[in-house]
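In what follows, a single structure is set out as structure tokens and then discussed.
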Amino acid sequence: MALGRGPALCLLVVMEMCAGGPPRRASCPYPPSQWCSSLQVALQCQVQKQCMELSATRQRSPPVAVALYYDSLCPGSRLFLTQQLFPTWTLLQDVMELTLVPYGNTQELQNATAPFSCQHGEAECQSNMMEACILHLAGPASLQIIHCMEAAAHLLQAARPCVELYAPALRWAAVEVCTTGGRGGQLMRTHAARTRALKPPHVPWVTFNGELREEVQDRALGSLFHLVCDLYKARKPPACTGVPVRLDRSLC
């Protein structure tokens, strides 16, 4: 499932303004996360120029499409997802389009009761399918949930608290029904087809704009953040360029 770009657009505006743009006036009752939510709000907070410039930049340049093919219990996959992918997405989500494919080295079996065999055992088959269901059900919150699970010592035990924390409107029963029912199997077979199409097969693999290249893979595993910044062809976001931020030093 592709994860869309979130409200971090407004963060870019805030950082630009802190770097020397016009300050927000006292008549602006909105928090920074909402400054670009509408033209009326932008005008009231006097950030319409910055919002329009950033909107035009987004329209001119497509985001960097990043797809991660991984095993949920593979130590290398977990390390990359928690220490590189999630922090990079947090900073650059406005210039990224992210897709997660939890399947990895899983094998499909001709067995109705155990249709999959996983490299790290039955627990990984269950967690792969659970993460596939979360991606299907939780929408934009799914990456935060999966990061929460992958960062935990016991992934399956952490699943429910992570779902309840980041997607409180999603009923845990729906995740269980998907994971133990036919829908989870369908999602896994879709992920299987996508993973088999990789040449050569390897986990974790990261593709960029639909392409799989070994030299780019090496750079991604070394520093995903800098690679995404380099691949984005339009005006770089402040996180990439190191724009200084002026902190608010006011006291209570």
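The values are calculated or read from the model by the stated rules, or taken from the named source; none is laboratory data. Worth saying up front: this structure is predicted, and the values here are computed from it rather than measured. Glycine also receives a Cβ, built like all others from the backbone with ideal geometry; neighbour counts cover every protein chain displayed. Heads up: the accessible areas ignore ligands, DNA and RNA and are worked out on the full protein's heavy atoms, side chains in. Shrake-Rupley method; radii C 1.70, N 1.55, O 1.52, S 1.80 Å.
Points to keep in mind about this one:
- Local charge for residue 208 was computed over the other residues whose Cβ lies under 14 Å away, with Lys and Arg +1 and Asp and Glu -1, and equals -3.
- Accessible area per residue in Å² at 1.4 Å probe, computed on region 34-103: 40
- Rounded to the nearest Hz, the phi-derived 3J(HN,Hα) couplings of region 47-52 under the Karplus curve 6.51 cos²θ - 1.76 cosθ + 1.60 (θ = phi - 60°) are 10, 4, 5, 5, 5, 5, where x marks glycine and proline.
- Simple label model, 7 Å out from Cα along Cβ direction - residue 174 to residue 216, nm: 3.4
- Taking amide H as placed 1.01 Å from N in the peptide plane, the amide H of residue 205 sits under 5 Å from that of 69, each at least 5 places away or on another chain.
- Extending 7 Å from Cα along the Cβ direction at residue 109 and again at residue 79 yields two label points whose distance is 2.9 nm.
- Relative protection proxy for 150-161, 71-82, 184-195, 94-105, from highest mean packing down: 94-105, 71-82, 184-195, 150-161 (other beta-carbon atoms within 10 angstrom).
- From largest to smallest, the equivalent ellipsoid semi-axes obtained for region 98-211 from the alpha-carbon gyration tensor read 22, 17, 13 Å.
- For region 40-186, the relative contact order comes to 20 percent (Cα pairs under 8 Å, sequence separation of at least 6).
- Potential lengthening between residue 194 and residue 233 on full extension [0.36 nm per residue; Cα-Cα distance subtracted]: 11.3 nm
- Phi-derived couplings, Karplus 6.51 cos²θ - 1.76 cosθ + 1.60 at θ = phi - 60°, listed residue by residue for region 182-195: x, 5, x, x, 4, 5, 5, 5, 5, 5, 4, 4, 5, 5 Hz, with x used for Gly and Pro.
- Amide H to amide H distances under 5 Å link residue 116 with 109, where only residues 5 or more positions off or on other chains count and H is placed in the peptide plane.
- Sorting the Cα pairs of region 72-147 by distance into bins of 10 Å, from 0 upward, gives 17, 47, 27, 8, 1 percent per bin.
- Per residue, the accessible area of region 114-201 comes to 48 Å², computed with a 1.4 Å probe over protein heavy atoms only.
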